[in-house]
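Down below is the structure, laid out as structure tokens.
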Amino acid sequence: MTTQYYFYEPGKGHGLAHDPFNAIVAPRPIGWVASSDHRGQINLAPYSFFNAFNYRPPIIGFSSIGYKDSVRNIADTGCFVWNLATLPLAEAMNLTSSSVPAEVSEFELAGLTPAPCRLVDVPRVAESPVAFECRLSQLLQLQGADQQPVDTWMVFGEVVGVHIDPALLQDGVYDTTAAEPILRGGGPADYFTVGPAQRFRMHRPG
């Protein structure tokens, strides 16, 4: 018997209680991005459209729907810091998503400690076990298939410095599950984490 799939055209609406797109492309790592303008005003914000895109040099990227403070700061200074959002930091990460004026510090709002970086003039989250110091490599405005620009900006950064809590390094191997990273899922409020029960190993052939 052939399954009758639910089909919709995004441009015409999905007809469901919640847009399924984000739930299907999930779970996604969180781009918890610290940035600063030239005056030293610091911003910290989470982005659910985030991932890694290259090994050498290591490049990560996130997209911002709207030209928000993070994008403006990074365009202004050419650098930012990605911080790993973990289960113990979930509530603090969520607080940094609040819509507040640019002069409000999300670090203070969420009770987080700014720690100095070594290569970029932006602080990292001291409580986070992993942080990437990044220099801007590309800033792109996305466009649709009709070549018309949309109000979404893709920020790519080359990772020039990496901070790792030594507790996450076991015999020189980074232990993903020990970090308890949180990942964005579907629905208006779904998040996930990973643990040893979800791990399996599979080596590439050849």
Looking at VAL120, VAL159, can you tell me which residue is closer than 16 Å to TRP82 by Cα, in contact with a Phe, Trp or Tyr (Cβ under 9 Å, 6 or more places away or on another chain) and assigned to a strand (DSSP E or B)? VAL159
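From the list PRO58, PRO88, PRO29, PRO20, pick out the single residue that is closer than 18 Å to ARG135 by Cβ and not acidic (Asp, Glu).
Details: PRO88 fails: closer than 18 Å to ARG135 by Cβ; PRO29 fails: closer than 18 Å to ARG135 by Cβ; PRO20 fails: closer than 18 Å to ARG135 by Cβ.
Step by step, each of PRO58, PRO88, PRO29, PRO20 is checked, and only PRO58 is closer than 18 Å to ARG135 by Cβ and not acidic (Asp, Glu).
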With the requirement that a residue be touching a strand residue (DSSP E or B) at 6+ places or on another chain (Cβ under 9 Å) and not in a loop (DSSP other than H, G, I, E, B), what does the range 94-107 give you? ASN94, GLU106, PHE107
Scanning the range 166-206 for residues that are at pLDDT 90 or above, in a loop (DSSP other than H, G, I, E, B) and surrounded by 15 or more Cβ atoms within 10 Å (Cβ to Cβ) gives GLU180, GLY185, VAL194
Give the range 1-52 a look and list any residue that's surrounded by 10 or more Cβ atoms within 10 Å (Cβ to Cβ), in contact (Cβ under 8 Å) with a residue 12 or more places away in the chain and in a loop (DSSP other than H, G, I, E, B), or say none. HIS18, PRO20, ALA26, PRO27, ILE30, ASP37, GLN41, SER48, PHE49
So, in the range 113-152, of the ones that are of a type in the set (Val, Ile, Thr) and under 15 Å from SER70 (Cβ atoms), which residue ends up surrounded by the fewest Cβ atoms within 10 Å (Cβ to Cβ)? THR152
Run down SER70, SER64 and say which single residue is assigned to a strand (DSSP E or B) and either surrounded by 11 or more Cβ atoms within 10 Å (Cβ to Cβ) or modelled with pLDDT of 95 or more (or both). SER64
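The values are calculated or read from the model by the stated rules, or taken from the named source; none is laboratory data. A quick note: this is a predicted structure, and the numbers were derived from the prediction, not measured. Glycine gets a Cβ as well: all are built from the backbone with ideal geometry, and neighbour counts include every protein chain shown.
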